[in-house]
1. Take the conditions buried (at least 19 other Cβ atoms within 10 Å of the Cβ) and in contact (Cβ under 8 Å) with a residue 12 or more places away in the chain and apply them to Ala65. Does it pass?
2. So in segment 12-25, with the set limited to residues that are in contact with a strand residue (DSSP E or B) (Cβ under 7 Å, 6 or more places away or on another chain) and among the small types (Gly, Ala, Ser), which one is nearest to Arg105 (Cα to Cα)?
3. Specify the residue that is farthest from Ala154 (Cα to Cα); the eligible residues are those in segment 65-96 that are modelled with pLDDT of 95 or more and in a helix (DSSP H, G or I).
4. Give segment 131-151 a look and list any residue that's outside any helix (DSSP H, G or I) and among the β-branched types (Val, Ile, Thr), or say none.
5. Do you know which residues across segment 98-130 are crowded, with 21+ Cβ neighbours inside 10 Å and not in a helix (DSSP H, G or I)?
6. Hey, can you tell me all the residues within segment 26-47 that are within 18 Å of Val123 (Cα to Cα), assigned to a loop (DSSP other than H, G, I, E, B) and either touching a Pro at 6+ places or on another chain (Cβ under 9 Å) or not β-branched (Val, Ile, Thr) (or both)?
7. Please determine whether any residue of segment 210-229 is touching a helix residue (DSSP H, G or I) at 6+ places or on another chain (Cβ under 8 Å), part of a loop (DSSP other than H, G, I, E, B), modelled with pLDDT under 95 and not basic (Lys, Arg).
8. If you check Leu69, Leu113, Leu131, which single one turns out to be more than 25 Å from Met1 (Cα to Cα), of a type in the set (A, V, I, L, M) and touching a helix residue (DSSP H, G or I) at 6+ places or on another chain (Cβ under 7 Å)?
Amino acid sequence: MFRTVIVGASGEIGSVVVQKALERGDNVAALDIRLPEIDSCAHCGTIDIGHMENVQDAFKLAVTALGGLDVLINCAGIMFRGSMEDTRDEDFAAVIDINLGGAFRLTQTSAALMEGAGAKHIVHISSIHALIGTPNRMAYAASKGGMAAMIRAAATEIGPRGITINAVAPGPAGIGMGSNPAERSTALEKIPLQRIAMLGEVADAVMFLTSPAGGFITGHILPVDGGANSTYFMPAKT
């Protein structure tokens, strides 16, 4: 259906997005910092979103394999957990460079390659931490909040070219939330739907925004969080 590049294809969310795109009938190029090994993809390659030249080289190979580019889905990113006092300058800079700088490099590169007839879509994976305050996530929240502002600005520039750009902002999701029982319990207390999101639900939101049904939506951040952004997402006082 679409010629789709998925970055961060080996990650917890990215791997499910790849499967959803393949099920939809997309021609998929899967990219990650380490070579993905995913059956049925037209192309698998490496990419380092921290360097523009590497991004451009990776996209040239991917787009050549696909025969063009209709959709970019960016699932790549890094997390740093720590209080403000524990966050070093280099920690903050690294998270901003990969999560926000990487999103910019991917947006700029992919938009330049989206040519020809038909709808074109860019979707980044953001986070609930872009929308509400949470302790011990300052660098990560700043990177995802900056991504939200970048997306709104980008929508005004690339919209006239027929390209939509949005983000999906997951709340607690996937098996990773099960590794820390206390963190999982706190999350469940704050989610109105009283459960952790399934990865497929996050991927389905991405599929919606890259489909004709989402074709008139651009410049938005779509929370997939069970209503958590409507609550005080803070640990309960003891």
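The values are calculated or read from the model by the stated rules, or taken from the named source; none is laboratory data. Since the model is a prediction, treat every value here as computed from it, not as a measurement. Backbone-built Cβ (ideal geometry, glycine too); neighbour counts: all protein chains shown.
1. no
2. Top of the filtered list is Gly14.
3. Filtering segment 65-96 for residues that are modelled with pLDDT of 95 or more and in a helix (DSSP H, G or I), the one farthest from Ala154 (Cα to Cα) comes out as Ala65.
4. Correct list: Ile132, Thr134.
5. Hits for segment 98-130 are Met114, Lys120, His121, Ile122, Val123, His124, Ile125, Ser126, Ser127.
6. Within segment 26-47, just Asp26 meets the criteria.
7. The answer is yes, given that some residue of segment 210-229 is touching a helix residue (DSSP H, G or I) at 6+ places or on another chain (Cβ under 8 Å), part of a loop (DSSP other than H, G, I, E, B), modelled with pLDDT under 95 and not basic (Lys, Arg).
8. Leu131
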